[in-house]
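Structure first, commentary second.
Values quoted throughout were computed directly from the atomic coordinates according to the rules given, and no laboratory measurement underlies them. Remember, predicted model here, so these are calculated numbers, not experimental data.
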Amino acid sequence: MRAGDTGINATLPNEVGTFARLWSIAPVGGTIIRFTDADNAIIFNDQNAEAILTFKNPPKNTETVTINGHTYTFTTDKADAPDKVYATSNIGGSRHNLINAINASGAQPGIMTFGAGTVKNADVVASEQSSAIPGAATVMVVTAIVGGVGGNGITVSSGTGATWDHSTLTGGGAPNRYGNEIGFSASAVVSAANSLTQGVTISTTLGGEITADRIDGGYFDQAVSRLKICDYENPDNGAIIIFGGQIGEIKYDDLGKVEISIIGLFTNTIYINIEAYGLYCRAQLGDYRCLFNLEPDKRTFTVDQIQNGQKFTTLELSDQPDKWYAYGVLQFTSGFNKNVVMTVANNTQKIKQIQTFVPTPFKLATGDTGVIYPGCDKTIKQCFHKFNNVIHFRGEPFTPQIQSGL
């Protein structure tokens, strides 16, 4: 059985003979970082071919997406058959369901997701590529499972209000350098039915592309990581994807030791979604379950005065009431903090002040610009009065609470 199959505790082999491990980390909007545990750097033509699907409008009933002859059909009624995908009223929900159908994971099959009997696509894995900002453009990326030029022949087409960037997957086989300058080791890939966990921890050191400033500034947030094994003396044999996932937590100490936690996404495992009943909404503002369109409420701002690393004033937002942006997000569009995304703790109308939960990773300056989105405290009161979106509230505010006895 392969590493990642349910019920297996598999230790990845260290370099044996001419085999070596190849790691890649792909930050959102950043440059892919590649490294190996081999004695020398490796130049390897292992780039996996990819194609990007961009939705222009929510898909309609019976519209299709086809990948290498495997057709997925959207339905607005019931996703009650294999390869049927439930089409929601917005792009994000439909795209999310399609990705789950292609990967046959991430959600339990059902009439509001994808049809029971849908099997994992044999040729590609699907993922989202997005900004951390709510409402920002998000696309679906399909990546060939096989590395190298072999993935370039995979065809894609769409009968929906969406477009592929190419008619086939492209980019497979481009030469990439996997450096051994920083050195790393990796834990076992663990996938066990009793623990319901799958992940890898990479141990390395600060240096090169992995710096303290980047870690603290959120450069690796939502980054995707993959592990492959290759025979570097026989590159024509290609590389095998052993593990794929998303960056979870990155920690480093005063001595420069770094530990990177990778949460499994692409390998075979068990996914169980557990949600607890409670007073507060379980959706995230603007996501595929909330369905609230944040884009019209996006505002631009310019830093006017700086109190400290967490507080600054801006004249553009003086018309909004106190706490309007609490729990929302902002992203700087210029200055040393450009592209940094932060969660807002509060805003005070009278003094025109914005406060974030933590200080900015880099020094603020007067004139720095950014965009900001309103926040939600996840109560039904705010959902109703602030967003008029109570129909999509995902909580149980009227559940009887435990009362203390006299």
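What whole number of Å gives the distance from the Cα centroid of region 18-82 to the Cα centroid of region 321-346?
31 Å
What is the P(r) of region 295-373, as percent of Cα-Cα pairs per 5 Å bin from 0?
3, 18, 32, 31, 13, 3
Across bins of 10 angstrom width beginning at 0, how are the C-alpha pair distances of region 50-164 distributed, in whole percent?
Computed distribution, short to long bins: 15, 50, 30, 4.
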